[in-house]
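Input: a single structure, listed below in structure tokens.
The values are calculated or read from the model by the stated rules, or taken from the named source; none is laboratory data. All values reported here derive from a predicted model rather than from experimental measurement. Note that we place each Cβ from the backbone using ideal geometry, even for glycine, and neighbour counts take in every protein chain shown. Areas reflect the complete protein model, heavy atoms only, side chains present, ligands, DNA and RNA absent. Shrake-Rupley method; radii C 1.70, N 1.55, O 1.52, S 1.80 Å.
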Amino acid sequence: NVKRALAESINTFFYYIGGGYQNFVGLGLDRLVKYEKMFGLDAQTGIDLPNEANGFLPSKEWKLKIKGERWYIGDTYHLAIGQGDILVTPLQVANYTAVFANGGSLYRPHLIKLILDSSDQPIGQVDNKPIKANIVSAKTIEIVRQGMRQTITDGSARSLQSVPVTVAGKTGTAQWSTTKPTHAWFTGFA
């Protein structure tokens, strides 16, 4: 089930849901990209720092034009587990993780809350309204939260059980080279 797949990083589950298999029709490329865009993986987060990088979501048209290759089901499988030609920043991952931590809202991250003058008097406050709210259903949020918690209790991040607060998260692997080691990822909340 999805909770176990999240907890143990079971790629085959996400291949199946994302791309389908035999008589099961998965989400497919267009729906995967639709959801990835809903969570902000195609754009800058808008953090109050210069030079933030964009994300990149591949498409059939892009692959044909840039790589001269058609889109294969294996490309959809890779996209379903966050690999292949998708590019995301750590900040984008943290930002979409926060949607599950806070119950469903996507925010623009900020480094400051309040602007003070030279006498420490407030002269401005940073807007803290969600960019998007209720991105997915409360039921979906709860299922993902349970899977992320299970990652710590008996999944791929059991080493975090010793943390003195309740933690939930997701592990992953960024494979970025055929000649260099992969990079382990962890995103979470406590």
*Sequence-distant or interchain residues sharing an amide H contact under 5 Å with Gly26, placed H: which?*
Gly20, Tyr21
*Using helices alone, what [θ] at 222 nm do you get for the chain, with -39,500 (n - 2.57) per DSSP H run of 4 or more residues, divided over all residues and rounded to the nearest 500?*
-10500 deg cm²/dmol
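If R0 is 41 Å, what FRET efficiency do you get for Val25 and Ile115 from their C-beta distance, rounded to 0.05? All intermediate terms of the calculation are to be shown ahead of the outcome.
Numbers: r = 51 Å, r/R0 = 1.25.
E(calc), rounded to 0.05, equals 0.20.
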*asked:* If you filter region 83-140 for trypsin sites (Lys or Arg not before Pro), then keep DSSP loop positions with at most 12 other Cβ within 10 Å, what is left?
replied: Lys113
*Kindly report, to the nearest 10 Å², the accessible surface of Met148 as traced by a 1.4 Å probe over protein heavy atoms only.*
10
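Can you work out the accessible area per residue across region 1-102, with the rest of the protein chains kept in place, probe 1.4 Å, in square angstrom? If you can, show how the numbers build up before the last one.
Values: 5940 Å² over 102 residues.
With the other protein chains kept in place, region 1-102 gives 58 Å² per residue.
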_Under Karplus coefficients 6.51, -1.76 and 1.60, residue-wise ³J(HN,Hα) of region 19-25 in Hz, glycine/proline x_ = x, x, 6, 6, 7, 8, 8
*asked:* What do you get for GluC sites (Glu not before Pro) in region 34-98 restricted to DSSP loop and a cutoff of at most 16 other Cβ within 10 Å of the site's Cβ?
replied: Glu52, Glu69
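Could you check how much of the accessible area of region 1-102 is carbon and sulfur, as a whole percent, using a 1.4 Å probe?
55
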_What do you get for the angle between helix 28-38 and the principal long axis of the chain? Use alpha-carbon atoms, 0 to 90 degrees, nearest ten._
0
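Over the chain, what is the mean sequence separation of C-alpha contacts under 8 Å (at least six apart), divided by residue count, expressed as relative contact order in percent? Kindly include the intermediate steps, with their values, before the conclusion.
Details: 289 pairs, mean separation 42.4, N = 190.
Relative CO of the chain lands at 22 percent.
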*Around Trp185, which amide H atoms from residues at least 5 apart in sequence, or from another chain, sit under 5 Å from its own amide H, with H modelled in the peptide plane?*
Gly172, Thr173, Ala174
*Accessible surface of Asp30 in the full protein assembly, 1.4 angstrom probe, to the nearest 10 Å²?*
120
*Residue-by-residue Karplus 3J(HN,Hα) for region 43-55, coefficients 6.51, -1.76, 1.60, Hz, glycine and proline x*: 8, 5, 6, x, 4, 7, 9, x, 6, 5, 7, 7, x
